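Encoded as C-alpha coordinates, the structure appears first; notes follow it.
The values are calculated or read from the model by the stated rules, or taken from the named source; none is laboratory data. Please read all numbers here as calculations on a predicted model, not as lab measurements.
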Amino acid sequence: MKILIADDELHNRKLLRDSLKSFGQCDMTSDGKAALELFVTDLEDGEPYDIVFLDILMPVMDGQKTLGRMRAAEKRVQPTAKEIPIIMVTGMDSSLQAMQAYFKGGCSDYLTKPVTRQILLEKMRKLKLIPDEEG
(Lines give C-alpha, C1' and ligand atoms only; values in the text may rest on other atoms or scores of the structure.)
Protein backbone atom coordinates (compact mmCIF):
# COMPACT_ATOMS: atom_id res chain seq x y z
CA MET A 1 0.00 0.00 0.00
CA LYS A 2 1.20 3.52 -0.84
CA ILE A 3 0.40 6.19 1.72
CA LEU A 4 0.90 9.96 1.45
CA ILE A 5 1.06 12.02 4.64
CA ALA A 6 1.00 15.84 4.42
CA ASP A 7 1.29 17.82 7.65
CA ASP A 8 3.39 20.87 8.48
CA GLU A 9 4.29 19.50 11.92
CA LEU A 10 7.06 16.88 11.90
CA HIS A 11 5.73 15.28 15.09
CA ASN A 12 2.33 14.67 13.45
CA ARG A 13 3.89 13.26 10.27
CA LYS A 14 6.02 10.84 12.30
CA LEU A 15 3.06 9.80 14.45
CA LEU A 16 1.01 8.93 11.36
CA ARG A 17 3.96 7.23 9.68
CA ASP A 18 4.75 5.12 12.73
CA SER A 19 1.12 4.00 12.94
CA LEU A 20 0.86 3.20 9.22
CA LYS A 21 4.30 1.97 8.10
CA SER A 22 3.41 -1.68 8.72
CA PHE A 23 0.87 -1.39 5.89
CA GLY A 24 3.26 -0.10 3.24
CA GLN A 25 5.33 2.78 1.92
CA CYS A 26 4.71 6.13 3.64
CA ASP A 27 5.75 9.29 1.81
CA MET A 28 5.73 12.46 3.90
CA THR A 29 5.69 16.15 3.08
CA SER A 30 5.18 19.36 5.02
CA ASP A 31 3.00 21.42 2.68
CA GLY A 32 0.08 21.08 0.32
CA LYS A 33 1.94 22.08 -2.84
CA ALA A 34 4.55 19.36 -2.38
CA ALA A 35 1.80 16.85 -1.55
CA LEU A 36 -0.04 17.75 -4.74
CA GLU A 37 3.13 17.33 -6.80
CA LEU A 38 3.78 13.86 -5.35
CA PHE A 39 0.13 12.88 -5.81
CA VAL A 40 -0.05 14.01 -9.45
CA THR A 41 3.33 12.52 -10.41
CA ASP A 42 2.41 9.10 -9.05
CA LEU A 43 -1.07 9.31 -10.57
CA GLU A 44 0.38 10.15 -14.00
CA ASP A 45 2.94 7.34 -13.64
CA GLY A 46 0.09 4.87 -13.12
CA GLU A 47 1.10 4.17 -9.52
CA PRO A 48 -1.35 6.25 -7.48
CA TYR A 49 -1.44 6.42 -3.72
CA ASP A 50 -3.87 4.08 -1.98
CA ILE A 51 -4.69 6.67 0.68
CA VAL A 52 -3.78 10.28 1.49
CA PHE A 53 -3.79 12.04 4.87
CA LEU A 54 -3.96 15.85 4.53
CA ASP A 55 -3.67 18.38 7.32
CA ILE A 56 -6.08 21.25 6.80
CA LEU A 57 -3.80 24.07 7.95
CA MET A 58 -0.49 23.93 6.06
CA PRO A 59 1.82 26.53 4.54
CA VAL A 60 2.15 27.22 0.80
CA MET A 61 -1.19 25.54 -0.04
CA ASP A 62 -3.77 24.60 2.58
CA GLY A 63 -5.39 21.19 2.79
CA GLN A 64 -8.73 22.20 1.28
CA LYS A 65 -7.13 23.72 -1.82
CA THR A 66 -4.83 20.69 -2.10
CA LEU A 67 -7.83 18.36 -1.82
CA GLY A 68 -9.67 20.18 -4.61
CA ARG A 69 -6.67 20.05 -6.91
CA MET A 70 -6.07 16.37 -6.15
CA ARG A 71 -9.68 15.57 -7.08
CA ALA A 72 -9.34 17.61 -10.28
CA ALA A 73 -6.13 15.74 -11.18
CA GLU A 74 -7.89 12.40 -10.65
CA LYS A 75 -10.69 13.43 -13.04
CA ARG A 76 -8.15 14.59 -15.62
CA VAL A 77 -5.76 11.62 -15.44
CA GLN A 78 -8.10 8.74 -14.55
CA PRO A 79 -11.67 9.92 -15.21
CA THR A 80 -13.26 6.47 -14.80
CA ALA A 81 -11.22 5.28 -11.82
CA LYS A 82 -12.54 5.18 -8.26
CA GLU A 83 -11.51 8.18 -6.15
CA ILE A 84 -8.45 7.70 -3.97
CA PRO A 85 -9.40 7.93 -0.28
CA ILE A 86 -8.30 11.27 1.14
CA ILE A 87 -8.65 11.83 4.89
CA MET A 88 -8.42 15.36 6.25
CA VAL A 89 -6.59 15.69 9.56
CA THR A 90 -7.46 18.64 11.75
CA GLY A 91 -6.89 20.20 15.14
CA MET A 92 -9.97 20.88 17.25
CA ASP A 93 -9.94 24.53 16.20
CA SER A 94 -10.41 23.67 12.51
CA SER A 95 -12.97 20.87 12.75
CA LEU A 96 -15.54 23.05 10.94
CA GLN A 97 -13.18 23.28 7.96
CA ALA A 98 -12.78 19.50 8.06
CA MET A 99 -16.53 19.03 7.88
CA GLN A 100 -16.73 21.50 4.99
CA ALA A 101 -13.99 19.58 3.18
CA TYR A 102 -15.89 16.37 3.85
CA PHE A 103 -19.23 17.58 2.55
CA LYS A 104 -18.14 20.02 -0.16
CA GLY A 105 -14.57 19.25 -1.08
CA GLY A 106 -14.77 15.54 -1.64
CA CYS A 107 -12.63 14.14 1.14
CA SER A 108 -13.41 10.57 2.15
CA ASP A 109 -13.38 11.18 5.90
CA TYR A 110 -11.67 13.29 8.54
CA LEU A 111 -9.74 12.84 11.78
CA THR A 112 -9.38 15.21 14.71
CA LYS A 113 -6.00 15.50 16.44
CA PRO A 114 -4.63 13.93 18.49
CA VAL A 115 -4.88 10.92 16.19
CA THR A 116 -4.50 7.46 17.70
CA ARG A 117 -3.51 4.24 15.96
CA GLN A 118 -6.86 2.70 16.88
CA ILE A 119 -8.81 5.50 15.19
CA LEU A 120 -6.55 5.36 12.11
CA LEU A 121 -7.17 1.63 11.76
CA GLU A 122 -10.93 2.11 12.16
CA LYS A 123 -10.93 4.64 9.31
CA MET A 124 -8.86 2.34 7.09
CA ARG A 125 -11.20 -0.59 7.82
CA LYS A 126 -14.20 1.60 7.02
CA LEU A 127 -12.60 2.43 3.66
CA LYS A 128 -11.88 -1.31 3.11
CA LEU A 129 -8.13 -0.70 2.88
CA ILE A 130 -7.35 -3.26 5.56
CA PRO A 131 -9.31 -6.34 6.71
CA ASP A 132 -11.32 -6.20 9.93
CA GLU A 133 -8.88 -8.40 11.83
CA GLU A 134 -5.69 -6.55 10.78
CA GLY A 135 -3.86 -4.02 12.92
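Annotations
- Those helices (runs of 4 or more DSSP H) of the range 19-135 in which at least 2 residues are among the small types (Gly, Ala, Ser) and at pLDDT below 90, considering only elements entirely within it, cover 95-100.
- Scanning the range 1-13 for residues that are closer than 16 Å to Met88 by Cα and either under 14 Å from the mean Cα position of the chain (by Cα) or part of a strand (DSSP E or B) (or both) returns Ile3, Leu4, Ile5, Ala6, Asp7, Asp8, Asn12, Arg13.
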